[in-house]
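J.: Just dropping this structure here.
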Ligand SMILES: NC(=O)c1ccc[n+]([C@@H]2O[C@H](COP(=O)([O-])OP(=O)(O)OC[C@H]3O[C@@H](n4cnc5c(N)ncnc54)[C@H](O)[C@@H]3O)[C@@H](O)[C@H]2O)c1
């Protein structure tokens, strides 16, 4: 399947985790990918590997915390390829030391958390729109989180900024639809990226498996496949949607696993 032949794709946070899996997937399907990441070493390494295999990719230093870096990324892509078919706004995350619950969170962390998770995606989209419009259309895929749909015991900024990403997706899709620009989002549940694997103790992972409907946790490739679908012409009639890819964690009454364990199986 070469759904991205001759397509130019910008992916932020592309050097590892979900971004890396998406880079590999879209390259495999013929796409030309700009690997944008603040870990330039990792981005270079990935670009070298994929280039050796015949891919057309470029690694670029990109810091989601700076608007200037967003401008540089879009300028670089325009100069290199003179088009942008897809933007994958993948960068996101939070500092859980500062982003606690509403009683204890650090109010001074607000701007940074919202900048990285929301403002950067909004600005990159705004910058890419004129280029997409001039070429007759384009496509944006935002990476949200189930934290933007259901609340958690901490990560308050992260969750409400990701809720903003879901809103941004609908606004972009509504306002840009007539320009043939689609915009959708993916809301992953727990995905076993290197970061998640190193931060999440075994006991916590077991809890997620217990409450997932499916008997396993997600891999970065699962999200990459969903992004590839949304960014491809297979999804040409889908816009403004958020696809939840969480193994069924959030589809049910939260007591299901406990009641099944205590009252049904015993
Ligand atoms: N992993 C999960 O369980 C999970 C769940 C829900 C949502 N998400 C979302 O998916 C996206 C990707 O998550 P992940 O777990 O693959 O990420 P990750 O933490 O593994 O990071 C991916 C890449 O982004 C780069 N990066 C991080 N911050 C950056 C910044 N400020 N500027 C530039 N590059 C930066 C890192 O160097 C890394 O290469 C994020 O938006 C995250 O919120 C992840």
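The values are calculated or read from the model by the stated rules, or taken from the named source; none is laboratory data. Predicted model, so just to flag it, every value in this text is computed and none were measured. In this analysis, Cβ positions are derived from the backbone assuming ideal geometry, glycine residues included, and neighbour counts consider all displayed protein chains.
Matching residues to (1) touching a strand residue (DSSP E or B) at 6+ places or on another chain (Cβ under 8 Å); (2) within 9 Å of the ligand (Cβ to nearest atom); (3) under 23 Å from residue 190 (Cα atoms); (4) modelled with pLDDT under 95:
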{"site": "34", "(1), (2), (3), (4)": "yes, no, no, no"}
{"site": "60", "(1), (2), (3), (4)": "yes, no, no, no"}
{"site": "76", "(1), (2), (3), (4)": "yes, no, no, no"}
{"site": "79", "(1), (2), (3), (4)": "no, no, no, no"}
{"site": "83", "(1), (2), (3), (4)": "yes, no, no, no"}
{"site": "86", "(1), (2), (3), (4)": "yes, no, no, no"}
{"site": "99", "(1), (2), (3), (4)": "no, no, yes, no"}
{"site": "108", "(1), (2), (3), (4)": "no, no, no, no"}
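J.: Does region 145-191 hold any residues that are without any contact (Cβ under 8 Å) to a residue 12 or more places away in the chain and under 21 Å from residue 87 (Cα atoms), and which are they?
T.: Just the residues of region 145-191 that are without any contact (Cβ under 8 Å) to a residue 12 or more places away in the chain, to begin with: 151-152, 167, 171, 175, 178.
167, 171, 175, 178 - these are the residues of region 145-191 that are without any contact (Cβ under 8 Å) to a residue 12 or more places away in the chain and under 21 Å from residue 87 (Cα atoms).
J.: Mind listing whichever residues of region 136-167 are more than 13 Å from the ligand (Cβ to nearest atom) and either under 25 Å from residue 233 (Cα atoms) or modelled with pLDDT under 95 (or both)?
T.: 136, 137, 138, 139, 140, 167
J.: Quick test for you: out of 25, 3, pick the one residue that is touching a helix residue (DSSP H, G or I) at 6+ places or on another chain (Cβ under 6 Å) and more than 18 Å from residue 131 (Cα to Cα).
T.: 25
J.: Scan 227, 223, 238 and give me the residue that is closer than 27 Å to residue 132 by Cβ, in a loop (DSSP other than H, G, I, E, B) and under 22 Å from the mean Cα position of the chain (by Cα).
T.: Values: 227 fails: in a loop (DSSP other than H, G, I, E, B); 223 fails: in a loop (DSSP other than H, G, I, E, B).
Sole residue among the options that is closer than 27 Å to residue 132 by Cβ, in a loop (DSSP other than H, G, I, E, B) and under 22 Å from the mean Cα position of the chain (by Cα): 238.
J.: Also: Inside region 192-206, can you point out the residues that are loosely packed, with under 13 Cβ neighbours inside 10 Å and without any contact (Cβ under 8 Å) to a residue 60 or more places away in the chain? Walk me through it before giving the result.
T.: Let us first name the residues in region 192-206 that are loosely packed, with under 13 Cβ neighbours inside 10 Å, namely 194, 197-199, 201-204, 206.
Listed by number, the residues that qualify are 197, 198, 199, 201, 202, 203, 204, 206.
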